[in-house]
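The values are calculated or read from the model by the stated rules, or taken from the named source; none is laboratory data. If you're wondering where the values come from, they're calculated on a predicted model, not measured in any experiment. Counting neighbours? That spans all protein chains shown, and the Cβs are built from the backbone with ideal geometry, glycine included. To get the accessible areas, we keep the full protein, side chains included, count just its heavy atoms, and leave off ligands, DNA and RNA. Shrake-Rupley method; radii C 1.70, N 1.55, O 1.52, S 1.80 Å.
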Amino acid sequence: MVDGRIWLLDCGFGPEANAQFNPAWLDGAEAVFISHDHIDHIGGASYAVEAGLPIYATAQTAKALPPAARVNLLPEQGQVVINGVTLTTGRNGHALGGVWFHFDLGDGFFYSGDWSEESDWFSFDVPPPAATAVLDCSYHLDDVPQSARFAALDALLAQMEGQVLLPVPPSGRAGEMALYLMRHHGCESVMLDPECKSALRIALDSGAVCPEARDVAPLLDRGPMEQARFLICDTPNADGGAAWGYVRAWNESGRLGRDAHVIFTGHMTAHARGICSVPGGHFQRWNVHPPLRDQLKMLRRLGARRFAPAFCTRPEEYLAEDLEVEVFFHDRVRL
């Protein structure tokens, strides 16, 4: 709440099927700000459109909004003034067109949305100081860095024979996963499905990803490679798209668990957990959110005095950490 005005930050639902957007969250809202285009941040946008609310988002994120949306475009890096309040945005290292928000209110208010500083694909911009911070704490108190995740993935792959399916969100970790596998196993070992190819082509054309991202270009014009060892495919929970097609075909042919495997690397819905419960299904996290060390580094960098852990189920456990900041939990923040 800003001087009596209610601004909603993100309006998503899911990824679990029973995690729906509650239209009551829009009661009294005068504007909606969307950090990036993943469903758990943008999935409820249709309700904002029906309510006639202005939506603030980057041009890339706006592509995922309903056609009738009242869009006010935000820069991926820059400043705009909204109702007398200066909003600074910067790239969040998590999704194409994804940004964090810094509102020039009081001593500064920072909302991270989802963010990561460990990506070799997406760029991350350092935000200005802010006394109040609402941070992505999706990994809660987990402090495992990406380097350790890579080592664990390599160890798992070394145990497997045959093909490996990696279900991903095309606009998320598909690019950085392709980069890593190409560098460690060779370009010819990696295949992208059409959805991932399209997303990566858009990312490269945007110029908004890291310079090293250009290394995946040879994959984008390659024809079908059914015999490639690593198949990077939509959807992230293998409940649709090419990923589900492979899982179904491998299961029906008896290959799943023998010479074909599935590795989930992010949040798993009930569907993905079901696949993981049978031979051939595996889980190995790939960091796309900040581990605890990066959460703490962000608080120090911001000089935050008040901190709200977002997107975790047990935020009260942060009270037991020696954070040297006030931890708060409120559905609405008054500024």
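Here the relative contact order of the stretch 1-67, from alpha carbon pairs under 8 Å that lie six or more residues apart, stands at 33 percent.
Using the average count of surrounding beta-carbon atoms within 10 Å as a protection proxy, the listed peptides 22-29, 165-172 rank, highest first, as 165-172, 22-29.
Other residues within the sphere of radius under 11 Å centred on the Cβ of ASN92, judged by their own Cβ, net out at -4 (K and R +1, D and E -1). Projected over every direction and averaged, the convex hull enclosing the alpha-carbon atoms of the chain yields 16.8 nm².
Taking all protein chains as present, what is the carbon and sulfur share of the accessible area of the chain, in % to the nearest whole number, probe 1.4 Å?
Numbers: 7270 of 14320 Å².
Ligands and nucleic acids excluded, carbon and sulfur reach 51 percent.
The accessible area of TYR246, taken with all protein chains in place and a 1.4 Å probe, comes to roughly 40 Å².
Peptide packing for 196-208, 282-294 was compared via the average number of neighbouring C-beta atoms within 10 Å per residue; ordered from the highest value, the list is 282-294, 196-208. The base-10 log of I(q)/I(0) for the stretch 24-116, evaluated at q = 0.23 Å⁻¹, reads -1.25 [Debye formula, identical scatterers on Cα atoms, solvent excluded]. Subtracting the Cα-Cα distance of LYS297 and PHE283 from their residue separation scaled by 0.36 nm leaves 2.3 nm. Round to the nearest 0.05 the FRET efficiency obtained for VAL327 and VAL80 when R0 = 30 Å and r is the Cβ-Cβ distance. Using R0 = 30 Å, I get an efficiency of 0.50. When the Cα gyration tensor is reduced to axis lengths a ≥ b ≥ c, the ratio a/c is 1.5 or higher for the stretch 185-322, and with a/b not above b/c it is classed as oblate. Using a probe of 1.4 angstrom and keeping all protein chains present, the accessible surface of the stretch 31-182 works out to 32 square angstrom per residue.
Relative contact order for the chain: 17 percent, from Cα pairs under 8 Å spaced at least 6 residues apart, divided by residue count. Once you have a ≥ b ≥ c as the square roots of the Cα gyration tensor eigenvalues for the stretch 213-290, tell me rounded if a/c is under 1.5, and otherwise prolate or oblate according to whether a/b is larger than b/c. Judged from the Cα gyration tensor, the stretch 213-290 comes out oblate (a/c at least 1.5, b/c at or above a/b). Net charge near ASP125: determine it from the other residues with C-beta under 11 Å of the C-beta of ASP125, scoring Lys and Arg +1 and Asp and Glu -1. Computed value for this residue: -1.
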